[in-house]
């Protein structure tokens, strides 16, 4: 079974972003970028399936400017076999990404597609569900466990009250949650090997997808600041303050 | 035109997140309808009809909606939703699962996790873990929206008298089956609707300490218990305890962060709480920058002391 994973290049999770003075977005110049953490989990899961003999080939797809190829190389160093890069400098929104992934899935015909549940930049949590809908495939979102069966894939999902297990008819789409696995660090020999793995370049036009944004960002602002910082010396004082000043306990 | 709210329910009652979503929907369009899709969901439909401001309840009662799986419910929304100006659901694991799929079937964008309605086509939503607020305008004919429930008040549950209309089931793609649910059993209030939350982080050191140290304090306060991602990753507590950017978003009256350093991903999930208390041994921990009241010290000493003090005063 071929497995396709989508990977997104985002601002590193440890960077605190700043809003631009002209309110058009956040400051991205000279900021450390990395693979979206949930996408790392997706790649790791695909690699583990291959190590268990359940997957035969792993294709890693990313979309955006030239620099996305670094993110694809990271996936290749973790163990993906080849990459597909849809190269564009246009702003990409989830629906357009899902449409382009659909075109790639139709050409590649994987048995399983794995995406991260959410990208930590726009926090949308949409692309996997949209892609599954467009393909008419079943979806196992927020997965903490994947079981590949005969013609079916069982997925344990993290839901608000606990866990839910669904059985999906293959081919299927899965989005990853935190506890699915712990991604590996690529070893130096594997990073070297990844440089030789092929990355195929495509364009939105060649895939026949109109990527015009459906949502227009009017402005981006700083969130209201919280005034914190009062330290109390004792539990007595804390409880007094909670009662008298905050009024949150009787 | 009207706004359609996809109800989250257990066939008998409407879950509270739906009430906040209805308040958001009323700001998008005054004519609010509610879709209740389930099996044997008459009770939930009747409950929805009593919510003031709801004009009509659409009830799709069919075996295929038994567990409200994304595939059949999104297919239903893609049919019914065509005639609406907006479709809304709470931005919890239920809404996030179903709504983007429905949006794709309708060929429209989704506006995720809104915290404010500026006008019928313009909304405010947090990005980058809440470190920036984006105001976005949708050019689509149908606005598909998930609602951050902490951004809107809950609608009342009585006083309304909407009509209930039975809806024919839509075609089921038939590609998914429900197997089982394992829900955490707890006497405590639900995290997302609790008035008080006691949350633990890596500083708790073990799952055992959550039980021995944190839970007695939560008992005294009638609080829900939450956790940081670090505590979940370390296996101290299950994932559904997680408060943060990729877990649950909460805004209780009182949030007590115990042994939580305050990474931006955690702050994203709780910084709208009315009062924040931080207990941490590291006085430089970023949690103190957002805490209304901070106390520096050993949590294993301070938490039992707080519990005892609250008990002592309650006994007076």
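The values are calculated or read from the model by the stated rules, or taken from the named source; none is laboratory data. On a predicted model such as this, the values are computed, not experimentally measured, just so you know. FYI the Cβ positions are ideal-geometry reconstructions off the backbone, even for glycines, and counts take in every protein chain you see.
Considering only segment B:59-74, how many residues are buried (at least 21 other Cβ atoms within 10 Å of the Cβ) and within 10 Å of chain A (Cβ to nearest Cβ)? Residues in segment B:59-74 being buried (at least 21 other Cβ atoms within 10 Å of the Cβ) and within 10 Å of chain A (Cβ to nearest Cβ): 4 in total. Please determine, by comparing only the residues of segment B:13-50 that are within 19 Å of the chain's Cα centre (by Cα) and assigned to a loop (DSSP other than H, G, I, E, B), which one is farthest from residue B:116 (Cα to Cα). Within segment B:13-50, the match that is farthest from residue B:116 (Cα to Cα) is B:13.
Here's the yes/no breakdown for (1) within 16 Å of residue A:199 (Cβ to Cβ); (2) touching a helix residue (DSSP H, G or I) at 6+ places or on another chain (Cβ under 9 Å); (3) surrounded by fewer than 22 Cβ atoms within 10 Å (Cβ to Cβ); (4) without any contact (Cβ under 8 Å) to a residue 60 or more places away in the chain:
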| residue | (1), (2), (3), (4) |
| --- | --- |
| A:56 | no, yes, yes, yes |
| A:88 | yes, yes, yes, no |
| A:92 | no, yes, yes, no |
| A:108 | yes, no, yes, no |
| A:118 | no, yes, no, no |
| A:125 | no, yes, no, yes |
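Annotation: residue B:97 fulfils all but one of (1) part of a helix (DSSP H, G or I); (2) touching a residue at least 60 places away in the same chain (Cβ under 8 Å); the unmet one is (2). Just one of (1) within 11 Å of chain A (Cβ to nearest Cβ); (2) over 19 Å from residue B:188 (Cβ atoms); (3) surrounded by 23 or more Cβ atoms within 10 Å (Cβ to Cβ) fails for residue B:233. It is (3). Consider segment B:290-302 and keep the residues that are assigned to a helix (DSSP H, G or I) and under 29 Å from residue A:16 (Cβ atoms). The one that is farthest from the other protein chains (Cβ to nearest Cβ) is B:299. Screening segment A:51-124 for strands (runs of 3 or more DSSP E) wholly inside it with 3 or more residues that are more than 14 Å from every other protein chain (Cβ to nearest Cβ) returns the ranges A:57-64, A:82-87. Of the listed requirements (1) closer than 24 Å to residue A:124 by Cα; (2) in a loop (DSSP other than H, G, I, E, B); (3) free of Cβ contacts under 8 Å to residues at least 40 places away in the same chain, residue B:154 misses just one: (3).
A count restricted to segment B:205-228 and to residues that are buried (at least 22 other Cβ atoms within 10 Å of the Cβ) and farther than 24 Å from residue B:309 by Cβ stands at 1. Summed over segment A:196-210, residues that are surrounded by fewer than 12 Cβ atoms within 10 Å (Cβ to Cβ) and within 14 Å of chain B (Cβ to nearest Cβ) total 1. Take the conditions (1) touching a strand residue (DSSP E or B) at 6+ places or on another chain (Cβ under 9 Å); (2) surrounded by 17 or more Cβ atoms within 10 Å (Cβ to Cβ); (3) at the interface with chain A (Cβ under 10 Å from one of its Cβ atoms); (4) at pLDDT below 95; residue B:287 misses just one of them, which is (4). Of all the criteria given as (1) in contact (Cβ under 8 Å) with a residue 40 or more places away in the chain; (2) touching a strand residue (DSSP E or B) at 6+ places or on another chain (Cβ under 8 Å); (3) part of a loop (DSSP other than H, G, I, E, B), the one not satisfied by residue B:272 is (2). Any idea how many residues of segment B:214-224 are in contact with a strand residue (DSSP E or B) (Cβ under 8 Å, 6 or more places away or on another chain) and either assigned to a helix (DSSP H, G or I) or more than 14 Å from chain A (Cβ to nearest Cβ) (or both)? Adding up the residues that qualify gives 5. Residues in segment B:169-207 that are in a helix (DSSP H, G or I) and touching a helix residue (DSSP H, G or I) at 6+ places or on another chain (Cβ under 8 Å): B:191, B:192, B:193, B:202, B:203, B:204. Selection over segment B:85-100 of residues that are over 20 Å from residue B:33 (Cα atoms) and crowded, with 24+ Cβ neighbours inside 10 Å gives a count of 1.
I'd like to verify a number: residues in segment A:239-250 that are at pLDDT 90 or above and touching a helix residue (DSSP H, G or I) at 6+ places or on another chain (Cβ under 7 Å), how many?
Just the residues of segment A:239-250 that are at pLDDT 90 or above, to begin with: A:239-242.
Within this subset, residues satisfying the condition of being touching a helix residue (DSSP H, G or I) at 6+ places or on another chain (Cβ under 7 Å) are A:239.
Number satisfying all stated conditions: 1.
Within segment B:104-113, the presence of at least one residue that is touching a helix residue (DSSP H, G or I) at 6+ places or on another chain (Cβ under 7 Å) and in a strand (DSSP E or B) is confirmed. When residue A:213 is tested against (1) more than 7 Å from chain B (Cβ to nearest Cβ); (2) in contact with a strand residue (DSSP E or B) (Cβ under 9 Å, 6 or more places away or on another chain), just one condition goes unmet, and that condition is (2). Within segment B:131-144, the presence of at least one residue that is within 22 Å of residue A:211 (Cβ to Cβ), assigned to a strand (DSSP E or B) and in contact (Cβ under 8 Å) with a residue 40 or more places away in the chain is confirmed.
You will find that of B:106, B:76, the residue that is without any contact (Cβ under 8 Å) to a residue 60 or more places away in the chain and over 22 Å from the mean Cα position of the chain (by Cα) is B:106 and no other.
For segment A:220-236, residues that are surrounded by 13 or more Cβ atoms within 10 Å (Cβ to Cβ) and either closer than 25 Å to residue A:98 by Cα or more than 7 Å from chain B (Cβ to nearest Cβ) (or both) total 2. The number of residues in segment A:146-172 that are at the interface with another protein chain (Cβ under 9 Å from one of its Cβ atoms), touching a helix residue (DSSP H, G or I) at 6+ places or on another chain (Cβ under 7 Å) and either within 21 Å of residue A:135 (Cα to Cα) or part of a strand (DSSP E or B) (or both) comes to 3. Within segment B:79-94, the set of residues being assigned to a helix (DSSP H, G or I) and at the interface with chain A (Cβ under 8 Å from one of its Cβ atoms) comprises B:93, B:94.
Note on segment A:173-195: residues that are more than 9 Å from every other protein chain (Cβ to nearest Cβ), in a loop (DSSP other than H, G, I, E, B) and within 21 Å of the chain's Cα centre (by Cα) total 5. Residues that are assigned to a strand (DSSP E or B) and within 24 Å of residue B:48 (Cα to Cα) were ranked within segment B:114-130; the one that is farthest from the other protein chains (Cβ to nearest Cβ) is B:117.
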